[in-house]
Each structure stands twice: as C-alpha cells, then as structure tokens.
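Throughout, read-outs are computed from the coordinates displayed, never taken from laboratory work. Note that this is a predicted model, so its numbers are computed, not measured. Note: ideal-geometry Cβ built from the backbone for every residue, glycine included; neighbour counts use all protein chains shown.
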Amino acid sequence: MKRIGALFFTTVLATTGCSSEGDAFRLNVSEGADCGPAPVAGASILTFGAVGRSEASEDIRVTGVALADADGAELVGAAVWAGDHRTPGVVTGWPPVLDGKPYPGWEATQEPGDAVVAPGERLTVSFGVRRTGESYGVVRALRITYEVGGRTAQQEARYQWFLAPTSCLDLEPFQFVDKDD
Amino acid sequence: MRTHYSYGKYCTTYRSPGPSFKWQVKAIRFEGGTRTILSSVPLTPIQYCTDYEADSTVYKLDSNAVQWVRGASLESVIGIDLSSRTGFRTDAKQGVHYYSAGTLCGTHDTPGGSPRRLVVRGP
C-alpha cells in the first residue's frame, strides 16, 4: 500500500486574524497558514493560492495582484482561475510544476489585467513567491485590484503563507501571531 | 470518536399567573472513556482539492468542522437524538504535514475555506 505520507496533528495556540471582505467577491480564506520548503534564498519559488467566489451581478475583471504585507518574500507572478478547478495549495515553481510536469489545467488560467470572472463563478488567485531573506519568508496579505461595474476596487485576503528555509516542521507557533497584535 | 457523558432531564416550573413547565436536557459531566468509530472516506469534489509539495504543512485555526445529526444518542431516554457540532476555535490549531507530496480535500469547500471534513489523499 502506498504511503500517503501525511501527519495530522492538533495543538493549542492563541492567535487572531481576519478574513477578506468585499462587495464584488470574497476570497474564502479562513485563519490559518500554508508553509512550503524554499531552501535556497533568492532562488526557491513556491506557488500558493486563495479561493473565493464572485458575488457580483456582472463580470469582474481582476487587474492586479500584489503582496500587501510580506517579509522576506517577493512576488514572482500571479494568475487567476475562473470556474471549478483543482488548484495549487503549496506547489514548487512559477508557473507551478507537479510531478515534473506543468500543473494540470494551468493553460486555463488568466493573467491579471485580462482575467474575467463571471457572476457567481468561482475565483482562484494563484501566485508565485520567492524567498529573499535568510529566515522564513512570509506573506500575510494579498491585495487584489479589480474592476466591476465601471469602478475600480481593492480587496485584501489575509492569511499566512510561509516559505521555509529548512522544514516547515521547524515553524514555531509564535510566528503565527499577527504582527498587529 | 465516541465519548461518554451523563445527561440530565430538568423541569422548571413557572407560576405566574398559572403553572407552566419548561423541560431541558443538558450534559452534566464527561464520564471518561472514548471509542473510535469507523467511518467511510467521504466524497470530495475535485474543485475542493488543493495540492501540497513534500515537506509542506497546512494549518487551520478556525471555521466550523462538521455537525453530527445524531451527535448525542438520547433517543431511548427522551425520544429524540441531539445534534452536535464540532469545530475549530481560534485558540486551537489543526495541522497536516506532508512527508511526501499529496492532496488535501474538503467535503464542502477548499481546505483554506470552510471544508467541514478534511481528507488527505495521495498525489
């Protein structure tokens, strides 16, 4: 039997955070964190993602994706999926690579600027990040700029995406405390 | 996991102006002991799945998990079973660490949202 190789664990931790709010769409990121290995500073790249659904009555055009709150990490690229897809959680590279091949369905992604999401459609923002510092790279918020109904708006998705210099098992709980606390 | 609690059936009497009665069933205390209940692996739509590299970790710090329709088995005593809701509080953390690449799926949403039940699958 093939070993799946995953470990479930539960611990107790005090922390706070907030999820994104928006009138056109809501990225459904609850409090939590994703962490992936990025051993080579300046070179290791991971692709993360945030999922939501359009709540607008007309098309949304995603025009920009940026890191709103990050340390030791820089954005390499971003893409938008419209519709239902299996998506990267923590996957190596940008564009992401799975089992040495391009990520399944990646050709369906749209670049910010041209990305259109229909009313009620699912929306996933995938983004590639490079670790730049000596320690963990962390992205605490992603800013998405979009146009809907002739106006431009922004939304921030707050979560915690980590790039680990060694193993994610070394991640200490205190690193989850929001820096605004 | 099945656990054992004592429940009490309480009657409160009101006399203003006439008598009326309010019945309540409440858990009294945890009696100790647990038993693992086998369950089939639930279906997870592909759009609720996300892929994780080897040596990656995902943590969840909140959201409701699942509501069990017959969470408290009291039918033989009070005529109905009670539902129970499990969930993650903001002071608790659930984590999955992948020693090899795999996929994490929710039954009702992606793992980063409100998935209810999480299922770890192979690549």
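Per-residue mean of other chain beta-carbon atoms within 10 angstrom of the beta-carbon, peptide A:111-124?
On the way: counts 0, 0, 0, 0, 0, 0, 0, 0, 0, 0, 0, 2, 0, 3.
That average works out to 0.
Nearest 0.05, what FRET efficiency do A:Ala66 and A:Ser167 give at R0 = 25 Å with Cβ-Cβ as r? All intermediate terms of the calculation are to be shown ahead of the outcome.
Values: r = 29 Å, r/R0 = 1.15.
Approximately 0.30, to the nearest 0.05.
Shown in residue order for the range A:67-80 are the 3J(HN,Hα) couplings computed by the Karplus curve 6.51 cos²θ - 1.76 cosθ + 1.60 at θ = phi - 60°: 7, 8, 8, 8, 9, x, 8, 9, 6, 9, x, 8, 8, 10 Hz (x for Gly and Pro). Computed from backbone phi with θ = phi - 60° and the Karplus coefficients 6.51, -1.76 and 1.60, the 3J(HN,Hα) list for the range A:147-163 is 10, 8, x, x, 10, 10, 9, 10, 9, 10, 9, 9, 7, 9, 10, 10, 10 Hz; x is used for glycine and proline. All other residues whose Cβ lies under 14 angstrom from that of A:Tyr103 are scored, Lys and Arg at +1 and Asp and Glu at -1, for a net of -2.
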